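Structure first, then comments.
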């Protein structure tokens with residue numbers, strides 16, 4: 001019947017890339033390209049299998065897949081061009097990070113790969129330096145050729161940061177690069193592409209626009225990088241990447257959720273997966289994570305108390321993450337009205353405004369940045385000391401990326417999170433992340449996981465927590481005079497007192513929380529038995 005099997009309504013903005021011309025490739029006529037440029041250094045060659053396994057164990061490197069080369073333990077073993085080594089020396093890099101040690105030889109050998117490592121672990125250099133070697137071994141670009149290396153990034157900020165690194169390492173060679181992203185004038189970007197660049201760092205939306213308009217092409221693209229890959233394959237670019245007939249593909253991220261694994265299986269060919277750290281979702285262990293379980297209407301007061309303590313610190317650069325653009329603007333107005341040096345960034349800000357805000361934040365003129373998730377990935381500011389999750393994100397993967405804005409490289413940082421009963425469905429995953437990082441876990445959060453309470457209303461939530469406090473007090477040995485103080489602190493971390501002295505030592509808190517967790521579960525069992 002007419003109209004009975006109606007087609008689905010069109011998407012508001014259409015399907016990205018729909019207007020791209022479908023290219024029919026004749027693989028026999030395509031020029032063959034080399035992608036294996038790895039020559040094992042004698043020092044690496046003489047490493048025994050025991051040495052390799054011991055190095056990987058110490059650096060927490062896990063490899064999945066066949067034929068993975070041995071890791072390099074020094075930069076010179078990767079045999080990069082001298083001008084690359086000169087920049088590494090200028091930047092005072094002593095030895096490769098774990099992801100670089102295993103990623104360099106794998107990328108140089110031409111293999112498809114997945115690299116999973118915590119934020120600030122050096123993933124950008126792990127794919128850019130092998131890209132330089134790859135480009136140097138390809139024929140020179142001719143008029144009308146597109147880039148050889150294409151780096152796709154989900155956000156403007158990440159794309160710009162990758163471009164800065166690419167420029168620093170490529171300026172001493174013939175390799176030219178450009179950055180293509182939305183929110184900036186198209187003219188200069190088009191001119192760069194038309195002049196010819198070996199490396200293009202791009203966000204998918206703007207690059208698709210240029211491909212559809214015929215301003216560039218992917219005919220010469222043989223080295224493809226998906227940075228933050230877990231956010232790239234759902235941004236409309238996957239069908240376009242599949243049109244590249246022959247390529248080396250490298251995916252990099254801090255997380256690798258199961259929703260993307262099947263796509264990777266289909267998308268990559270005979271790939272090797274490198275994990276740094278735990279195989280499950282994990283956060284940077286240099287970050288102290290503090291979770292305050294509270295009610296929605298308590299957040300503002302808790303935030304002010306927290307900011308008063310943070311601003312008293314000598315190093316106080318802070319990012320506050322919120323859920324929506326509206327809340328981002330509102331919270332910024334309230335904080336500025338009260339005298340806090342806060343600025344905000346979100347997707348509706350123009351590119352010049354975003355650049356100016358980030359410049360003010362980096363310089364320390366405005367040490368408080370309020371942001372939506374647009375800034376949670378790729379924002380690389382070395383001296384961010386604090387991250388505050390005013391609103392808990394939609395997934396634990398996003399939580400890991402948010403708090404990863406602090407403790408870059410080997411620095412330390414602190415992440416505070418306001419967790420409301422409305423976030424109940426995320427509680428179990430959050431506890432797993434905290435346990436993996438060996439963090440003290442808020443008793444209220446444990447109770448949300450163990451009892452499933454907290455989503456139905458405040459009174460039952462407060463009553464059950466009060467019972468937990470009483471039970472912990474009763475279990476404490478009288479000889480130790482250890483009293484559990486159920487005080488509402490601005491951090492949400494309950495303090496344990498011995499006489500009049502408050503024990504704030506982190507290791508002591510961890511031990512006390514672990515003791516309480518076991519005791520608390522016994523109490524739950526006792527309570528259920530008594531009720532039945």
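The values are calculated or read from the model by the stated rules, or taken from the named source; none is laboratory data. Computed from a prediction, not measured in an experiment: that's the story for all the values here. Because the Cβ atoms are built from the backbone with ideal geometry, glycine has one as well, and the counts that use them run over all protein chains shown.
A few notes on this one:
- Here residue 389 fulfils each of the conditions (1) out of contact with any strand residue (DSSP E or B) (no Cβ under 6 Å at 6 or more places or on another chain); (2) buried (at least 22 other Cβ atoms within 10 Å of the Cβ) apart from (1).
- Some residue of the stretch 336-344 being loosely packed, with under 15 Cβ neighbours inside 10 Å and within 24 Å of the chain's Cα centre (by Cα): no
- Taken across the stretch 399-417, residues that are part of a loop (DSSP other than H, G, I, E, B) and either more than 25 Å from residue 123 (Cα to Cα) or modelled with pLDDT of 95 or more (or both) do not occur at all.
- Filtering 281, 303, 331, 268 for residues that are touching a residue at least 12 places away in the same chain (Cβ under 8 Å) and assigned by the TED database to the domain that holds residue 111 leaves a single hit, 268.
- Those residues of the stretch 437-465 which are surrounded by fewer than 21 Cβ atoms within 10 Å (Cβ to Cβ) and modelled with pLDDT of 90 or more, in sequence order: 437, 438, 446
- Residue within the stretch 117-133 that is in contact with a strand residue (DSSP E or B) (Cβ under 6 Å, 6 or more places away or on another chain), under 15 Å from residue 223 (Cα atoms) and assigned by the TED database to the domain that holds residue 178 present: yes
- Helices (runs of 4 or more DSSP H) contained in the stretch 37-136 and holding at least 2 residues closer than 15 Å to residue 225 by Cα: 98-108, 123-136
- Counted as qualifying within the stretch 140-215 are the helices (runs of 4 or more DSSP H) with 2 or more residues that are under 25 Å from residue 120 (Cα atoms), namely 156-170.
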